[in-house]
Amino acid sequence: MKNEECSKYIAVLTIAGSDCSGGAGIQADIKTISALGCYAASAITAITVQNTQGVTAVHAVPPEIVAGQIRAVMDDIKPKAVKIGMVNDAETIKAIADTLADYDIEHIVVDPVMVSTSGSKLMQDDAIKVFIEKLLPMSTLITPNIYEAEILAGKKITDEDAMNDVAGEILSKGAEAVLIKGGHIEGDKKVDLLYNAIRKTEARSSELTMMIGDSFESETVETRNTHGTGCTLSAAIASNLAMGLGINKAIDKAKYWLTSALIAGADVEIGSGHGPVNHFYAPKKMRIIYND
């Protein structure tokens, strides 16, 4: 029989904005992490006024309070993975990066939330430069959609070669891997492309040789309930990484789970705009691990 004193949950910290309507941001992350059987801790970066129809206001939490939340969780709960979502301003990005730098974190998944599903702008212009300088170099994986990838790279994606160039530009800024999401492209299939960075030395600033990894294909689900899908996917990947999966398997399982959640909630009515996915279509029991 296992000694209960040696058991613990697999914790994941999400750092993101709050969505009062419950479909995206911190709320979607907590639902996702919990549904996959991990323990969700959170640090709120901003309070948004939003619902299924859009965002009407954003109130940033003071940077020192964001840093304090992160430190409180890291010092006590010691999560195995961190997911970073919506960050509204440059000072908060600096606070997050400087605080996380004090800890040895195995996995950091960054979802560059710049525009909401409804088209509302969620990151200030001056914050983008700081985001690139501070958060990209410490990320295990960054998960931009095509529009966000273009902003981060300062280049347009017009074809496959252009996408490769954009991915290379993002990786050159220090990220270990980038998953460019194709969810905004019309068609029967949604294809995300994973690019891994191979460097001549272990330093993230060293010369880069980019490697195209797997492509992840899923069916297009006909539904307007797509609110928070980016938040949900990145939180699912972070949870899978925390549970010990490699990056390719973590992405593959997260994609399958998200597609299933979209299908399960496709015809459910909640609000009059973009509703959420069904996060709890098949919840897992909380995972418990035991020390030897």
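The values are calculated or read from the model by the stated rules, or taken from the named source; none is laboratory data. Predicted, not measured: the structure shown is a model, and the values here were computed from it. Backbone-built Cβ (ideal geometry, glycine too); neighbour counts: all protein chains shown. These accessible areas exclude ligands, DNA and RNA; they are computed on the full protein's heavy atoms, side chains included. Shrake-Rupley method; radii C 1.70, N 1.55, O 1.52, S 1.80 Å.
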| said: Just to be sure before I move on: is residue 186 over 21 Å from the mean Cα position of the chain (by Cα) and at pLDDT below 85 in the structure I sent? | reply: yes
| request: Return yes when residue 165 is over 21 Å from the mean Cα position of the chain (by Cα) and modelled with pLDDT of 90 or more and no when it is not. | output: yes
| request: Could you tell me which residue of segment 178-192 is least open to solvent (accessible area, probe 1.4 Å), considering only residues that are touching a strand residue (DSSP E or B) at 6+ places or on another chain (Cβ under 9 Å) and among the small types (Gly, Ala, Ser)? | output: 182
| remark: If we ask which residues in segment 14-70 are β-branched (Val, Ile, Thr) and more than 25 Å from residue 244 (Cβ to Cβ), their number turns out to be 12
| Check on residue 225, among the polar types (S, T, N, Q) and either open to solvent by less than 10 Å² (accessible area, probe 1.4 Å) or under 16 Å from the mean Cα position of the chain (by Cα) (or both) | yes
| request: Looking only at segment 225-238, decide whether some residue is assigned to a loop (DSSP other than H, G, I, E, B) and modelled with pLDDT of 95 or more. | output: yes
| If you scan segment 259-283, which residues turn out to be under 20 Å from the mean Cα position of the chain (by Cα) and either open to solvent by 20 Å² or more (accessible area, probe 1.4 Å) or not aliphatic (A, V, I, L, M) (or both)? | 259, 260, 262, 274, 275, 276, 278, 279, 280, 283
| Matching residues, segment 28-42, being open to solvent by less than 30 Å² (accessible area, probe 1.4 Å), part of a helix (DSSP H, G or I) and within 18 Å of residue 17 (Cβ to Cβ) | 28, 29, 32, 33
| remark: Quick count over segment 246-258, residues being surrounded by 17 or more Cβ atoms within 10 Å (Cβ to Cβ) and either part of a loop (DSSP other than H, G, I, E, B) or of a type in the set (Asp, Glu) (or both), is 1
| request: For segment 48-73, enumerate the residues that are open to solvent by 40 Å² or more (accessible area, probe 1.4 Å), of a type in the set (A, V, I, L, M, F, W, C) and modelled with pLDDT of 95 or more. | output: 49, 65, 72
| message | I'm trying to understand the selection: among the residues of segment 7-26, which are open to solvent by 30 Å² or more (accessible area, probe 1.4 Å) and touching a residue at least 40 places away in the same chain (Cβ under 8 Å)? | response | 7, 8, 9, 21
